[in-house]
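In what follows, a structure is listed as structure tokens, so that the remarks can point back to it.
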Amino acid sequence: MKTALVSCMKNEGPFVLEWVAYHKVMGFDDIYVVTNDCTDGTDHILERLQAMGVVHHHDQTLAQGQSPQVSGLTHVLALPQMADTAWLLHIDADEFLRVSAGGGRVQDLLEVCGHADNIALMWRPFGNSGQRFWRGGSVLRSFLRAQGRPRQANSGHKSMFRPGKFEYATDHMPKMPSDPDVLCVNSAGEAIRNASVKHPSRARYRMAQDQLTWDVACIHHYAVRSLDVFLMKNDRGDGMGHEHQKYYLNSKFYRRHNGDDVVDAGILQHMDEVDALISDWLGDPALRQLEQYALRKFQDRRDQFLTPERIAALTMPADPAN
């Protein structure tokens with residue numbers, strides 16, 4: 001029973017190796033990454049990892065107004081390998097699957113939820129832990145402060161699903177099931193309404209508060225990371241191709257996803273294995289050079305883009321009610 005992970009990335013070079021290594025350790029058989037318009041060498045890092053047999057990489061050229069994520073997912077779902085893929089999870093480069101049951105691997109999640117056709121995995125927001133500048137290193141070790149409990153206001157989910165049961169997928173969930181009675185569950189294995197997967201564009205499951213859970217598994221969402229990384233999303237652009245002010249300091253998105261209520265270091269349980277994989281890969285001189293180049297490119301572009309004037313323009317007035 002093969003499991004696969006898919007992500008669409010642009011200019012995530014400083015973060016790619018940890019993200020890939022972590023999910024390899026989690027037990028995914030295949031990792032597919034689709035890139036577009038990279039200027040920091042993210043695509044070259046992934047090409048090197050593909051040559052090393054670690055990932056499957058596809059670089060796409062987009063038409064004006066085309067969504068990178070929808071286009072990327074369409075490409076991956078059309079691959080012949082999907083016929084042999086039992087489960088597929090789509091997440092972004094700032095999202096990590098955390099499984100808290102059993103040994104903390106993908107198969108432990110499927111032990112609980114494998115009777116379903118689609119698993120809704122709730123975001124758990126992790127904040128910036130007071131960090132303003134990214135100087136490299138581990139995202140998972142750097143940001144350990146998180147939202148303390150599930151909240152309806154920011155109850156986003158990503159989905160792990162059986163690709164053969166759906167016609168296509170958007171960024172948050174699969175769409176148009178072949179069976180009208182397709183079984184959707186939350187991460188605790190409890191049945192939830194399947195209306196959203198039948199709707200062509202709906203992005204939320206709209207489940208009741210008592211079904212919002214991080215039990216068994218969730219998606220650790222590092223939507224902010226350090227403040228400079230967050231603001232640089234305005235330079236990179238939105239994964240769905242939307243124009244908005246979501247990535248402004250003090251925006252509603254920022255306030256809701258900069259979780260810092262409690263410290264949670266549970267995701268570090270596999271870090272010895274993650275470190276060993278990264279160390280092994282960086283024994284390749286070409287890959288090491290590419291990763292170092294990506295970090296320098298990020299820092300150079302950050303210093304150019306985030307002038308004091310632009311930071312002020314990308315900062316909304318603080319909302320005393322939040």
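Identify the residue in the stretch 248-293 that is charged (D, E, K, R) and touching a Gly at 6+ places or on another chain (Cβ under 8 Å) and, among all such residues, is surrounded by the fewest Cβ atoms within 10 Å (Cβ to Cβ).
So in the stretch 248-293, the residues charged (D, E, K, R) come out as 252, 255-256, 260-261, 264, 272-273, 275, 280, 284, 288, 291.
Applying the additional criterion that residues be touching a Gly at 6+ places or on another chain (Cβ under 8 Å) yields 260-261, 291.
Working: 260: 18, 261: 12, 291: 23.
Restricting to residues being charged (D, E, K, R) and touching a Gly at 6+ places or on another chain (Cβ under 8 Å), the top hit is 261.
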Exercise. Can you find even one residue in the stretch 143-150 that is touching a residue at least 24 places away in the same chain (Cβ under 8 Å), surrounded by fewer than 17 Cβ atoms within 10 Å (Cβ to Cβ) and more than 19 Å from residue 209 (Cα to Cα)?
Worked result: no
Problem set entry | Checklist (1) closer than 18 Å to residue 19 by Cβ; (2) in contact (Cβ under 8 Å) with a residue 40 or more places away in the chain; (3) not polar (S, T, N, Q) applied to residue 101, failing item | (1)
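Conditions (1) assigned to a loop (DSSP other than H, G, I, E, B); (2) modelled with pLDDT of 95 or more, marked per residue:
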site	(1), (2)
88	no, yes
96	no, yes
102	yes, yes
110	no, yes
115	yes, yes
128	yes, yes
153	no, no
160	no, yes
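Please return the ranges of helices (runs of 4 or more DSSP H) entirely within the stretch 190-284 where 1 or more residues are closer than 30 Å to residue 307 by Cβ and out of contact with any Pro (no Cβ under 6 Å at 6 or more places or on another chain).
Details: elements: 195-198, 227-231, 233-236, 252-257, 271-281.
Where helices (runs of 4 or more DSSP H) fall fully within the stretch 190-284 and carry at least 1 residues being closer than 30 Å to residue 307 by Cβ and out of contact with any Pro (no Cβ under 6 Å at 6 or more places or on another chain), they are 227-231, 233-236, 252-257.
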For this session: Answer yes if at least one residue in the stretch 202-215 is surrounded by 21 or more Cβ atoms within 10 Å (Cβ to Cβ) and closer than 30 Å to residue 132 by Cα, and no otherwise.
Result: yes
For this session: Taking only the stretch 162-198 into account, find how many residues are within 23 Å of the chain's Cα centre (by Cα), modelled with pLDDT under 95 and loosely packed, with under 13 Cβ neighbours inside 10 Å.
Result: 0
For this session: Tell me, please, whether a residue that is surrounded by fewer than 21 Cβ atoms within 10 Å (Cβ to Cβ), among the charged types (D, E, K, R) and either at pLDDT below 95 or on the phi > 0 side of the Ramachandran plot (or both) can be found in the stretch 19-35.
Result: no
Seminar exercise, completed: Selection from the stretch 71-98 of residues crowded, with 18+ Cβ neighbours inside 10 Å and in contact with a Ser or Thr (Cβ under 9 Å, 6 or more places away or on another chain) yields 72, 73, 85, 87, 88, 89, 90, 91, 92, 93, 95
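The values are calculated or read from the model by the stated rules, or taken from the named source; none is laboratory data. Because the structure is predicted, anything quoted here is derived from the model rather than measured. In this analysis, Cβ positions are derived from the backbone assuming ideal geometry, glycine residues included, and neighbour counts consider all displayed protein chains.
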